[in-house]
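Note sheet for the following structure.
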Amino acid sequence: MDFYNIIFFLFALITIVSAFIVVTSRNIIYSGFSLLFTFFGVAGIYVLLGSDFIAVVQIMVYVGGILILILFGVMLTNKIVDVEIRTGASHMLPAAIGVGILFGALTAVMVFTGWKSEPGLVPQTTTVDIGKLLITDYVLIFELLAMLLLVALIGAATIARREKE
Amino acid sequence: MALKTETMVLNMGPQHPSTHGVLRLELELEGELIKKVIPHIGYLHRCFEKHAEAMQYNQVIPYTDRMDYLASMYNNFGYVIAVEKLMGIEVPERVQYIRLIMGELQRIASHLVALGTYGLDIGAFTPFLYLFRDREKILSLFEMTCGARLLYNYMWVGGLSHDIHPDFQRLTKEFINYFKPTIVELDSLLSYNKIFIERTANIGILPVDTAINYGVTGPMLRGSGIKFDLRRNDPYSIYNRFDFDIPVGKGLVGTVGDCWDRYYVRVREMEESLKILEQAIDNIPEGDVQSAIPKRIKPPKGTVYSRVETPRGELGYFIISDGSTNPFRVKVRAPSFVNLEVLGELCKGHLVADVIAILGSVDIVLGEVDR
Amino acid sequence: MYQYFYELLGSEILATLITAAVPLVNVLLAALIGVYLERKVSAHMQDRLGPMRTGWHGIFQTVADFIKMLQKEDAVSTEVDKKLYNLAPVLVFTGSFAAYAVIPFSSKVIGTEAEVGIFYLLAISSLVVAGILMAGWSSNNKYSLLGAMRSASQIISYEIPTAIVVLSMVMYTGTLSLDKMSQMQTAYFWNWNILGGAEFGFAKFLLIPFMIVGFIIIYISTLAEVNRTPFDIPEAESELVAGYFTEYCGMKWAMFMLSEYGNMFAVSGLVTILFFGGYQSPLGYFGDAIGVHWMIPFEQVFWFIAKGWFFVFVQMWLRWTLPRLRVDQLMSLCWKYLIPYAFVNLIIIGIITLL
Amino acid sequence: MKQYLKNTWDGIWTVLIGMKITFKHLFTPAVTIQYPDVKVPLPERVRNRLYVNIDDCIGCDQCSRACPVSCIEIETTKAIPGEDLGTTSNGKKKALWVTKFNIDIAKCCYCQLCVFPCPTECIYMTDVYEFAEYERENLVYKFSALTETEAVEKKANFEKFQAEKEAQKAAAAAKPKEEQKPVN
């Protein structure tokens, strides 16, 4: 097996196993920390795909921001740890049908798509291209998102302030 | 919508790096905000007062050493003054002078510990060691005089255990000259450091009326801006012969009565002590330091209350004599104990980190709090 | 470096392992020397001697410590969450170890010439945050939890001024790669970014004050990111005993320490690369002068390590000088002082660069 | 705004002042010493481990009574006539066998109160301060010159002497009684 393949499967394994734990664990802290590994696995796969910028963003935003936020929330509400989370299976049949359809659809897409394959592609850095695209083609969306985040930030701050008084 | 929150109870101590011994503080927290502070004391209780009843008058002196172990000399001082008052002994001039010099040296030594550990509480490690280095010099002076570095048993009823060493005056003068620049260095390294000011200014403000209501004395009371010092207001020994100022908190960087003021009062007090030392060290009259020591210490029936200004505040001894060789009762008004009471008042609404800053500025010695 | 070993050994796996081992050795050495240096610096600043018994002037003190750590009983409290408790030091150490992958010790000694190097460096530090939170929570100790919370909020907050200053430097140099950044500041110290960069002209002199401001900001905020005094409140011993690693002992504790000292050198390296020419010599290369070109990488390694250790020394110097801030003051310093200054600085540097 | 800039300036400036001071200290010689290799010279009045020169001790028990923590334990036996105990260095005649002179140095509080009342100046404080022990019993210092068997012997001697004296007394007392008997 190729060296890159080994690494790929390693990351895939990390992603899938930890994602499984996220869903099935009864301890919410465990779920939170497993999410960390899921994000890392995904970031690793991004790297293997040659999109290093996206990988780093993945780590920075999801691990450095969102995950820490989740963990903060969980830890500050200290009683939540003791709560038994209901993760037992219920409504097996409808769920099975729904998941089955989705799985079939995904498989069909994977099988019938004509994948472009370019052997021997040297990974090129994507940062410059992303930067250029963001500021030319997608500048409107970019700016709108920035506005949205700003509004959310101000909103959160306002609510938090009112709480204190 | 009001969020439902819970308070957290945090036990700070008795095993904690900065409770200055074995104090236990029960903190009720809301996040990191203090709702309530309950000090639990008694972990260092050694029954001083009960012990004293079983001892002869002079045997009590080594026990007084162990109350405020950072200012043992002054504890001796207070006790012997009380017994002398009870017996009506006039001590020789030489003894008076030596006692005063020792007392002021002890005040500097004690303040050095207080300031050093205060810096340590705030997180500055280096000033702590600089100050301890200087304190060692004072302890060496004591060791030269009476043979012990910490628990002196130096002042006896009616006299002193030893006369001063022939070199003592010279070395003390050397120390005074050495120590003056050190205070300047301390000021620039710690007192006026921006971070230190941020940590201590406007923290734990003790208003004058609260201070008086709680009976707070010493640098804490003076930090709140009241010029009250027993060396001036109720002079004992020969303090009324010397010229010195009583530094008070002025709120130079914050509000009057905050932690920084209490800290700074101590720094200035060291300077005043140096002033007293300079006046006294050259004028020690000749004489015999043991001439007035009674053969048997058997005070007449009666009671006495005598108070002195230790580095921590008003130390009072209340002694009841039943005419025998043992005191019938010795009650101590410990300044640390009284000053500690006000902690709950000071800490309200501050953060956990401030509790450390406030506790350090109160400057308690658990040996004295619990006795 | 990977390429070099690949060509030398012809095996991908071996080349990868060697390339990965170099940062590991760096981390271990950084910790080993760092702990010794910390002791000696603190001792001499406090008029003490410090370790004097193990070897000449206690030079083997850290080695002795390390052996002691290895021998220590691995005491685990019964009330801890064992899985996370054991995982946390590994995660923290991985975080600081991974940072070394992109640090160029010379033009040849670099783990990976990743184009997003500096970005990666900022991102990977979040792993440390997760590890710290994990340690604090799993210890089942209130002091640990408080310490972990403080630490996490502190690191996340101070990432912002760091990122802004890094951004201004990225804008100025036009690259995210640490190696390229170092290369741009060619040998001789007047070409360093702190003195306005390699391009000579009016803009160079205009930039100098803003570069110095940027340097001060990033130095302060990286100091906070590695939890050093005056920002060591997560492990403030006078308040929280030892913060998030109160409950740890033996080798696990040593791993936290290792990563702390590893991080110290890593952030010093970052500052060096951004402002002080990275591995470039301040006075030109000796190898160039005498025509022995293979010597240059070695000189570069020397200069990088010397500069890195100088900044580590300054960190220690600060630690043994200053008291520590309170948690809310720490935040207000970050949000009210560093971030506005950093933003203004960013805009000014941007304008100057455009001109 | 002015306050803001002042804060910034103060922060940086005071930090630099502090750094200057600590940097200066980096080159001042250390004040600490390498303890077991180098030792501080002790002043002559230093108060450390108690020592008893038992040859001079007259067994007066004054030190034991002066001790506030009762760490000195003294037992004595009177000498019987004819036994010569010698004199102390300052010429006092000894009249008691000191069968037991134990100082529990673990209890000792180094107050020096025992030293002053001693009439022969045989108990004093030395400059020995390194006397840590692994066992607490080893801190009980036995100063008596007599071995235990000797002590028992002396005690027995005295008791015998006492008993003989009692017997003589009794005999002396009995004699007149006997003389009286016939009178009754």
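Positive end of the dipole of segment B:214-311, charges at C-beta (+1 Lys, Arg; -1 Asp, Glu), about the Cα centre: which of B:Tyr239, B:Ser291, B:Ile276 has its Cα farthest in that direction?
The listed residue farthest towards the positive side: B:Ser291.
Under a Cβ-only charge scheme (Lys and Arg +1, Asp and Glu -1), can you give me the dipole magnitude of the protein assembly as shown about the Cα centre, in debye to the nearest 20?
So the magnitude is around 1720 debye.
Residue-wise, which Karplus ³J(HN,Hα) couplings in Hz belong to segment B:106-121, taking 6.51 cos²θ - 1.76 cosθ + 1.60, θ = phi - 60°, and x for glycine or proline?
5, 4, 4, 4, 5, 5, 4, 5, 4, 5, x, 5, 5, x, 5, 4
For a quick check of your reading of the filter: which chymotrypsin sites (Phe, Trp or Tyr not before Pro) in segment D:1-53 sit in a DSSP loop and have no more than 10 other Cβ atoms within 10 Å?
D:Phe27
Could you give the accessible area per residue of chain D, probe 1.4 Å, as a whole number in Å²?
It amounts to 65 Å² per residue over chain D.
Calculate, in whole percent, how much of the Cα-Cα pair population of chain B lies beyond 40 Å.
Roughly 14 percent, once rounded to a whole number.
Please give the net charge around B:Pro39, taking every other residue with its beta carbon less than 9 angstrom from that of B:Pro39, where Lys and Arg add +1 and Asp and Glu add -1.
Spelling it out: positives minus negatives among the neighbours equals -1.
What FRET efficiency would be calculated for the residue pair D:Arg136, B:Lys301, taking the C-beta separation as r and a Förster radius of 35 Å, to the nearest 0.05?
With R0 = 35 Å, the Cβ-Cβ based efficiency is 0.25.
Which one of D:Gly86, D:Val15, D:Ala174 has its Cα pushed farthest toward the positive end of the charge dipole of chain D, where Lys and Arg give +1 and Asp and Glu give -1 at the Cβ?
In chain D, that residue is D:Val15.
Taking segment B:243-309, which GluC sites (Glu not before Pro) meet the DSSP loop condition and have no more than 14 other C-beta atoms within 10 Å?
Those satisfying the criteria are B:Glu286.
Averaged across the residues of B:175-188, what count of C-beta atoms belonging to other chains lies within 10 Å of each residue's C-beta?
The mean count of partner-chain Cβ atoms within 10 Å per residue comes to 1.
Seen from all sides and averaged, what is the projected area of the convex hull of the Cα atoms in segment A:125-165, in nm²?
Projected over every direction and averaged, the Cα hull of segment A:125-165 covers 3.6 nm².
In the protein assembly as shown, with Lys and Arg counted as +1 and Asp and Glu as -1 at Cβ, which of these residues, C:Ser107, A:Ser18, B:Trp156, has the Cα nearest the positive end of the dipole, that is, farthest along it?
With unit charges placed on the Cβ atoms, the residue in question is B:Trp156.
Using only protein heavy atoms and a 1.4 angstrom probe, determine the accessible area buried between B and D, summed over both sides, in Å² to the nearest 100.
In total, this chain pair buries about 2300 Å².
Taking the alpha-carbon set of the protein assembly as shown, what are its Rg and Dmax in Å?
37.4, 152
Among rounded, prolate and oblate, which fits segment B:160-204 when a ≥ b ≥ c are the square roots of the eigenvalues of its C-alpha gyration tensor, a/c under 1.5 means rounded, and a/b larger than b/c means prolate?
Taking the square roots of the gyration eigenvalues as a ≥ b ≥ c, segment B:160-204 is oblate.
Which of the lysines could a cross-linker bridge to C:Lys204, judged by Cα under 28 Å and excluding same-chain residues fewer than eight apart?
A:Lys132, C:Lys180, C:Lys307
I need the GluC sites (Glu not before Pro) found in segment C:150-233, filtered to DSSP loop residues with at most 11 other beta carbons within 10 Å of theirs.
When the GluC sites (Glu not before Pro) of segment C:150-233 are filtered for loop state and at most 11 Cβ neighbours within 10 Å, C:Glu199 remain.
Once the other residues with Cβ under 12 Å from the Cβ of C:Gln315 are scored (Lys, Arg +1; Asp, Glu -1), what is the net sum?
The answer is -2.
First check a/c for segment A:1-85, with a ≥ b ≥ c the square roots of the eigenvalues of its C-alpha gyration tensor; if it is under 1.5, answer rounded, and if not, answer prolate when a/b is larger than b/c or oblate otherwise.
Because a/c hits 1.5 or more and a/b fails to exceed b/c, segment A:1-85 counts as oblate.
If one puts a single equal scatterer on every Cα of chain D and applies the Debye formula without solvent, what log₁₀ I(q)/I(0) results at q = 0.18 Å⁻¹?
-1.20
Quick one, can you get me the convex hull of the C-alpha atoms of segment C:276-355 expressed as volume per residue in Å³?
Per residue, the Cα convex hull of segment C:276-355 comes to 137 Å³.
Report the charge-dipole magnitude of segment D:52-148 in Debye, nearest 20, computed about the Cα centre from +1 at each Lys and Arg Cβ and -1 at each Asp and Glu Cβ.
400
Lysines within cross-link reach of B:Lys275: Cα-Cα under 19 Å, excluding same-chain residues under 8 positions apart?
Candidates past the 8-residue exclusion: B:Lys137, B:Lys173, B:Lys180, B:Lys227.
Using Cα-only point scatterers and the Debye equation, what is log10 of I(q)/I(0) for segment D:13-59 at each q in 0.15, 0.26, 0.31 Å⁻¹, rounded to two decimals?
-0.71, -1.01, -1.09
Rg and Dmax of segment D:1-82, Cα atoms, in Å?
30.4, 101
Mind checking which lysines have their C-alpha under 24 Å from D:Lys175, skipping anything on the same chain fewer than 8 residues away?
Partners within reach: D:Lys160, D:Lys165.
Take every Cα-Cα distance within segment B:1-138, group them into 5 Å bins from 0 onward, and report for each bin the whole-number percent of pairs it holds.
For segment B:1-138, the binned pair fractions read 2, 8, 11, 14, 14, 14, 12, 9, 6, 4, 2, 2, 1, 0, 0, 0 percent.
In whole Hz and in residue order, list the ³J(HN,Hα) couplings for segment C:302-315 that follow from phi through the Karplus curve 6.51 cos²θ - 1.76 cosθ + 1.60, θ = phi - 60°; x for Gly and Pro.
Computed from phi, the couplings for segment C:302-315 are 4, 5, 5, 5, 4, 5, x, 5, 4, 6, 4, 4, 5, 4 Hz.
What residue among D:Pro36, D:Pro68, D:Pro117 shows peak mean-square fluctuation when chain D is described by a Gaussian network model with Cα springs under 10 Å?
D:Pro36
Under the rule of at least 5 residues apart or a separate chain, name every residue whose amide H is placed under 5 Å from the amide H of D:Thr32.
The list, which skips near neighbours in sequence, is C:Leu49.
Taking amide H positions as placed 1.01 Å from N in the peptide plane, with prolines and chain starts having none, which residues 5 or more places from B:Gly249, or on another chain, fall under 5 Å of its amide H?
Under 5 Å from the amide H of B:Gly249 lie the amide H atoms of B:Gly223, B:Ser224, B:Gly225, B:Ile226, each far enough along the sequence or on another chain.
Please list, ordered by chain and number, the residues whose modelled amide H lies under 5 Å from the amide H of D:Thr76; skip anything fewer than 5 residues away on the same chain.
D:Thr99
Under a 10 Å cutoff between Cα atoms, tell me which one of B:Arg262, B:Arg329, B:Arg296 has the largest fluctuation in the Gaussian network model of chain B.
Comparing B:Arg262, B:Arg329, B:Arg296 in the GNM, the peak value goes to B:Arg296.
Tell me, what ³J(HN,Hα) does each residue in segment B:214-225 have, in order and in whole Hz, if you take phi through Karplus 6.51 cos²θ - 1.76 cosθ + 1.60 with θ = phi - 60° and put x for Gly and Pro?
Once θ is set to phi - 60°, the couplings for segment B:214-225 become 7, x, 5, 9, x, x, 5, 5, 5, x, 7, x Hz.
Quick one: dipole size for chain B, taken about the Cα centre, charges +1 on Lys/Arg Cβ and -1 on Asp/Glu Cβ, in debye to the nearest 20.
Charge dipole of chain B: 660 debye, to the nearest 20.
At 222 nm, what helix-only mean residue ellipticity would the protein assembly as shown give, in deg cm²/dmol to the nearest 500, using -39500 (n - 2.57) for each DSSP H run of four or more?
Roughly -18000 deg cm²/dmol at 222 nm, from the helical runs in the protein assembly as shown.
What are the semi-axes of the equivalent ellipsoid of segment C:24-354, taken as the square roots of 5 times the eigenvalues of the Cα gyration tensor, listed largest first and rounded to whole Å?
So the three semi-axes of segment C:24-354 are 34, 24, 18 Å.
The values are calculated or read from the model by the stated rules, or taken from the named source; none is laboratory data. Please read all numbers here as calculations on a predicted model, not as lab measurements. Quick reminder, even Gly has a Cβ in these numbers, built from the backbone with ideal geometry, and neighbours come from all protein chains shown. Note: areas computed on protein heavy atoms with side chains; ligands, DNA, RNA excluded. Shrake-Rupley method; radii C 1.70, N 1.55, O 1.52, S 1.80 Å.
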